[in-house]
1. How large are Rg and Dmax for segment 353-434 when only the alpha carbon atoms are used, in Å?
2. Ranked highest first by the average count of other Cβ atoms within 10 Å around their residues, in what order do 209-219, 229-239, 302-312 fall?
3. With the cut-off at 1.5 for a/c, could you classify segment 128-265 from its C-alpha gyration tensor as rounded, prolate or oblate?
4. If N is the number of residues in segment 165-220, what value comes out of its Cα radius of gyration divided by 2.2 N^0.38 Å?
5. How far apart, in nm, are the 7 Å Cα→Cβ label points at residue 176 and residue 192?
6. At 7 Å along the Cα-to-beta-carbon direction for both residue 307 and residue 126, put a label point, then send me their distance in nm to one decimal.
7. For segment 79-156, what is the largest minus smallest coordinate of the Cα atoms on each principal axis, given in angstrom and ordered from greatest to least?
8. Give me the base-10 log of I(q)/I(0) for segment 294-394 at each q in 0.21 Å⁻¹, Debye formula, one uniform scatterer per Cα, rounded to two decimals.
């Protein structure tokens, strides 16, 4: 998630660091404890702008003070939750549910997708992988098997990984029973990666039925080739394609609402100006898009784009002119078009964060006090965090709702909207009432 020259995915602030678990984090922050009485009741960070205004400056970014009523404020602060380990895997990186199945599907960084099959109150890890691309990936830098999603009918698996040369591949597979058929592999996107970090890799089926894909800026300190602002480069973007059919020599079609569908840039692009949108998701109740973008040396950001999403086509999230709400300090950079959108919340390295791992809006039933709250974690700062917006589109309340685990790389949900937390150190945990 981080570049080696500022913050690596596995070990903060170590040049050339590999994408490994943070081993210096205390085991006392384990993944099956509840929130202790001494836990910070609010999330260290900064409320910034609404998504309908330009990026805020450092002088206008507000503190985390709640502006909502005390009744609403108590709702998050009073949540008692704990994390129950439901599976142990080898360096898991992402999790998804499959329509028509009660199983969970988890990527292991070295190249395997595992099925977690329900058994009693927990899960059993099915021995045979759903898919194995370990012969066509590498775990150097921040590379590996990074994301997965399923089609709306559950018959197609989409897998995102870097290949043996370190370049991005997004491929579709036909599901046969509970496994992907390797012979059905259809490469949708092949994108060269100039460096070993900032690969992005999140893939999601959107509420519009389209496939959404996040790509980092390609790595290297300060986006050296200015890719994130270049409409002719797929790196540093969030893409949207229709993978169900092909046209114009592509294995997919371009949605008509994409900003460059008729020219002026790469037609796959939906959003520009991201650094490493490691995890993003859609609110299953509203269709809002939430993005956790990993920053450089100072801040990470959480962006919210309210539905309907086509109104945000071509929006510019600011990198590498801005890092969250701050000037990025890269000489000579300028915004190259698109509506500038600022984050709703940001986390700072100075407060112990190193790589934000979003995140989903809670829509389950086991923890009703969390309804509508966005949940996220971090690679270095232990704790599962919640924030809730007010009617004006501003963060009104935050809370740390559970302790641990360390090395969080994904916070996701099952078909019922219940939340699971993926730790690179090897656990998948369910968020339960405490």
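Read-outs: derived from the displayed coordinates by stated rules, not from any lab. Here the structure is a predicted model, which means the values were calculated and not measured. Every residue, glycine as well, gets a Cβ built from its backbone with ideal geometry; the counts of neighbours run over all protein chains shown.
1. According to the Cα coordinates of segment 353-434, Rg and Dmax are 12.1, 39 Å.
2. So the peptides 209-219, 229-239, 302-312, ranked by packing, come out 209-219, 229-239, 302-312.
3. oblate
4. Here the answer is 1.31, to two decimals.
5. Placing both labels 7 Å beyond Cα along the Cβ direction yields 3.6 nm.
6. 3.0 nm
7. The principal-axis extents, from largest down, are 38, 31, 26 Å.
8. Results for segment 294-394 at q = 0.21 Å⁻¹ read -1.19.
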